[in-house]
Amino acid sequence: MEDTLRECESKPIKGEVKFCATSLESMLDFTQSILGLTSDLQVFTTSHLTKSSVTFQNYTILENIMEISAPKMVACHTMPYPYAVFYCHSQESENRIYRISLDGDNGDRVDAMVVCHLDTSQWGHGHVSFQVLGVMPGASSVCHFFPADNLIWVPKLQAHGHSTM
């Protein structure tokens, strides 16, 4: 709980707008303030197409990677708290959104959402991504999968994506 409060109360990094939503209405209000009040919105999440009791397993990419074209995005991440709290944020720097079909070693199927942050130069040196990847801010883009309970909001576009492979 302390980490959630600390994250929600901390200053955003340069070029970022953030908000901790405690209701769907407040999440939508924030999202519309970033993406536009008149925009039709589309939301993407990771979907587990099969259910299993396996916690960790290796996955293989099944099909072409689908890039979701969007001029802006708002990402909302669930936070540990006694009631629903979503850490929602948007960055001015360029991001790319992908949908990837995965097949687990035990046959599990997942349509996973991935976001790649192309400019990490404003991120803090202590960010976990840099520790895991062994790089410094701005030296590399950072891509990460979204858990099934996280949301990616984008303006609804006519063409929803194209294959990149």
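The values are calculated or read from the model by the stated rules, or taken from the named source; none is laboratory data. The structure presented is a predicted model; accordingly, all values stated were derived computationally and were not measured. Here the Cβ positions follow ideal geometry from the backbone for every residue, glycine too, while neighbour counts run over all protein chains shown. Heads up: the accessible areas ignore ligands, DNA and RNA and are worked out on the full protein's heavy atoms, side chains in. Shrake-Rupley method; radii C 1.70, N 1.55, O 1.52, S 1.80 Å.
The set of residues in segment 36-65 that are over 15 Å from Arg109 (Cα atoms) and loosely packed, with under 10 Cβ neighbours inside 10 Å comprises Leu37, Thr38, Asp40.
Scanning segment 131-138 finds no residues that are in a strand (DSSP E or B) and open to solvent by less than 70 Å² (accessible area, probe 1.4 Å).
Residue check: Ile97 meets all listed conditions (1) within 20 Å of Cys143 (Cβ to Cβ); (2) at pLDDT below 90; (3) open to solvent by less than 80 Å² (accessible area, probe 1.4 Å) but one, namely (2). Scanning segment 32-51 for residues that are among the small types (Gly, Ala, Ser) and under 16 Å from the mean Cα position of the chain (by Cα) turns up just one, Ser47.
Across segment 70-90, the number of residues qualifying as over 30 Å from Asp105 (Cβ atoms), open to solvent by 50 Å² or more (accessible area, probe 1.4 Å) and more than 14 Å from the chain's Cα centre (by Cα) comes to 5. Residues that are open to solvent by less than 50 Å² (accessible area, probe 1.4 Å), among the small types (Gly, Ala, Ser) and either in contact with a strand residue (DSSP E or B) (Cβ under 6 Å, 6 or more places away or on another chain) or farther than 15 Å from Glu7 by Cβ (or both) within segment 100-130 comprise Ser101, Gly104, Gly107, Ala112, Ser129, listed in sequence order. For segment 141-148, the count of residues that are assigned to a loop (DSSP other than H, G, I, E, B), open to solvent by 40 Å² or more (accessible area, probe 1.4 Å) and either among the charged types (D, E, K, R) or closer than 21 Å to Phe56 by Cα (or both) is nonzero. Scanning segment 44-72 for residues that are modelled with pLDDT of 95 or more and assigned to a loop (DSSP other than H, G, I, E, B) turns up Thr45, Thr46. Restricting segment 1-35 to residues that are surrounded by 11 or more Cβ atoms within 10 Å (Cβ to Cβ), within 17 Å of Val85 (Cα to Cα) and of a type in the set (D, E, K, R), the residue that is modelled with the lowest pLDDT is Glu7.
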